[in-house]
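Shown next, in structure tokens, is the structure this report addresses.
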Amino acid sequence: MKIAVLPGDGIGPEIIREARKVLEVLQQEGLAMELTEAPLGGAAYDQYGSPYPEATQKLAREADAVLLGAVGGPAYDNLDRPLRPERGLLAIRKDLQLFANLRPAILYPELANASTLKPEVVSGLDIMIVRELTGDIYFGQPRGIRTNEAGEREGFNTMLYAESEVRRIAHVAFNIAMKRNKKLCSVDKANVLETTEFWKEIMIDVAKEYPEVTLTHMYVDNAAMQLVRNPKQFDVMVTGNIFGDILSDEASMLTGSIGMLPSASLDKNHKGLYEPSHGSAPDIAGKNIANPLATILSVAMMMRYSFNLDAVALRIESAVKKVLADGLRTADIYEEGTRKVSCSEMGDAVVAAL
Ligand code: NAI
Ligand code: MG
């Protein structure tokens, strides 16, 4: 397994250091793994003058999976857009053709108070949102701002999905549903938008290949309401790029603990980019207080989705649950009666639990 490790900026190097400890345990146990580091984002700009330099491109393309910390920070805010750290992130996603974005929202019972919702509504929440990442209104042509025939200025975008794009994300979602509770909810706006009526039609067709999975459909406005009313009704949700952007952010906030949420972006061969859902947290960088669990849980997703090592993924996830059950908390999830630990202490505790 060739793994490209891109620490990035801000707390990136700190959280990646802890995730590497977990990978190194697996290595010592005999999993054949090659870990190679390269810069991305601001760190890459500092070293090479580009947020996604050739050396990083080469490494990322040759790897079976990429583990990323986070990019960006105030030091780079005044750079021209093409040189900004965020461009590095967009560039690597595009370069690796990562079309399936997997965003779990999990709330461990021990952290139920972190949510702004009532504990009974969210405790034990475990949903997976599968968002299509390379199509939809974000990329459809034509687009632009123009003056129409009546002489008025107007802005326009095109919502567009090719059948092949919908089919491939459908297969990803059904496969994930098969690995979980065999429930899939496809989110659309088929009552108003032809693009998503088409989406729904394809979902129903692909469902024939997964007779064990129960497929349901929900309009996106209702889905937004249901996520805060009764989120535990959902297991796996699949949706297009724009609806998924909004719903996945909404779902992640149900848990209230941004330092806990991993993510994955996959290509058609299960090669993936794994990263925490949060950013580079410049406000706490260099203090050894960041929560490394989102990054460690991203390693678990890597084992599950790129290497098909479900048992290893479960072990990492169980180790995280154990340290939480033991009362260990980084500052972001600390509450009275628990024990506050640093970023590196948290990493060490997960390694011990493993
Ligand atoms: P952020 O996610 O970096 O931070 C938001 C808040 O959450 C901050 O108070 C931060 O301290 C806290 N936080 C985040 N991760 C944490 C962790 N692991 N442990 C403890 N606390 C944590 O979002 P923000 O502040 O909007 O962006 C900061 C920088 O990160 C910007 O340059 C932004 O562009 C970049 N960014 C990068 C992303 C990526 O690399 N995928 C995603 C989002 C933002
Ligand atoms: Mg978003």
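The values are calculated or read from the model by the stated rules, or taken from the named source; none is laboratory data. The structure presented is a predicted model; accordingly, all values stated were derived computationally and were not measured. Here Cβ is always computed from backbone atoms with ideal geometry, including for glycine, and neighbour counts include all displayed protein chains. In case anyone asks, the SASA skips ligands and DNA or RNA and just uses the protein heavy atoms, side chains included. Shrake-Rupley method; radii C 1.70, N 1.55, O 1.52, S 1.80 Å.
First compute the accessible area of segment 172-307 with a 1.4 Å probe, then give the percent of it belonging to carbon and sulfur atoms.
55
Expressed as cubic angstrom per residue, what is the convex hull volume of the alpha carbon set of the chain? List each step's numbers first, then the result.
On the way: hull volume 53.7 nm³, N = 354.
Here the figure is 152 Å³ per residue.
Given the options 91, 260, 280, identify the residue whose Cα lies farthest towards the positive end of the charge dipole of the chain (+1 on Cβ of Lys, Arg; -1 on Cβ of Asp, Glu).
260
State the answer as a single residue: which of 346, 330, 318 lies farthest towards the positive end of the charge dipole of segment 315-354, with beta carbon charges of +1 for Lys and Arg and -1 for Asp and Glu, about the Cα centre.
Most positive-ward Cα: 318.
Could you give each residue of segment 316-321 its phi-based ³J(HN,Hα) in whole Hz, using Karplus coefficients 6.51, -1.76, 1.60 with θ = phi - 60°, and x for Gly or Pro?
Listing the rounded values in order: 5, 5, 5, 4, 5, 4 Hz.
Residue 236's amide H: which non-local residues (gap 5+, or another chain) put their own amide H closer than 5 Å, with H modeled 1.01 Å from N in plane and none for Pro or chain starts?
128, 183, 185
Ordered by packing density, taken as the mean number of other Cβ atoms within 10 Å over each peptide's residues, highest first, how do 102-109, 122-129, 200-207 rank?
Values: 102-109: 22.0, 122-129: 20.4, 200-207: 16.9.
Going from most to least packed, we get 102-109, 122-129, 200-207.
Report the residue, chosen from 190, 162, 251, that carries the largest GNM mean-square fluctuation when the chain is represented by alpha-carbon nodes joined by springs under 10 Å.
162
Using a 1.4 Å probe, what is the accessible area per residue for segment 116-255, in Å²?
Values: 7040 Å² over 140 residues.
On a per-residue basis, segment 116-255 sits at 50 Å².
Rank-order 275-284, 293-302, 217-226 by packing density, defined as the average count of other C-beta atoms within 10 Å over each peptide's residues, highest first. Please report the intermediate quantities before stating the final value.
On the way: 275-284: 21.4, 293-302: 26.4, 217-226: 16.4.
Those peptides, ordered most packed to least, come out 293-302, 275-284, 217-226.
Using the structure shown, list the pairs from 183/208; 189/232; 287/340; 179/268; 118/182 with a Cα-Cα distance above 24 Å, or answer none.
118/182, as the Cα separations exceed 24 Å there.
Compactness ratio of segment 245-330: Cα Rg over 2.2 N^0.38 Å, N = residue count?
Relative to the 2.2 N^0.38 Å estimate, segment 245-330 comes out at 1.15.
When ranked by the protection proxy of mean other Cβ atoms within 10 Å per residue, highest first, what sequence do the peptides 73-79, 266-272 form?
Numbers: 73-79: 14.1, 266-272: 17.9.
Most protected by this proxy first, the peptides run 266-272, 73-79.
Per DSSP H run of n ≥ 4, the term is -39500 (n - 2.57); total these for the chain, divide by its residue number, and report the mean residue ellipticity at 222 nm rounded to 500 deg cm²/dmol. Don't jump to the answer; show the numbers that get you there.
Working: 12 runs with 144 residues, N = 354.
Calculated mean residue ellipticity at 222 nm is -12500 deg cm²/dmol.
Give me log10 I(q)/I(0) at q = 0.12, 0.13, 0.19 Å⁻¹ for segment 165-314, Debye formula, one equal scatterer per alpha-carbon, no solvent.
Values returned for q = 0.12, 0.13, 0.19 Å⁻¹ are -0.57, -0.66, -1.30.
Which residue fluctuates most in the GNM of the chain (Cα springs below 10 Å): 175, 230, 148?
Per the Cα network of the chain with a 10 Å cutoff, 148 tops the list.
Express as a percent, rounded to the nearest 5, the fraction of DSSP beta bridges in the chain (both residues included) that run antiparallel. Walk me through the intermediate numbers first.
Numbers: 19 of 46 bridges.
Once the DSSP bridges in the chain are tallied, antiparallel ones form about 40 percent.
Give me P(r) over segment 133-254, computed from all C-alpha to C-alpha distances, binned every 5 Å, as integer percentages.
The percentages, shortest bin first, are 2, 10, 20, 21, 19, 13, 6, 4, 3, 2, 1, 0.
So what does the Cα-only Debye profile of segment 58-180 read at q = 0.16, 0.21, 0.22 Å⁻¹, as log10 I(q)/I(0), no solvent term?
-1.12, -1.20, -1.21
What's the center-to-center distance, using Cα atoms, between segment 157-209 and segment 315-354 in Å?
37
How big is the shadow of the Cα convex hull of segment 125-177, averaged over all directions, in nm²? Spell out each step's value before the answer.
Values: hull surface 22.4 nm².
Dividing the Cα hull surface by four gives the mean projection, 5.6 nm².
Highest GNM mean-square fluctuation, the chain, Cα pairs closer than 10 Å: which of 53, 85, 262?
53
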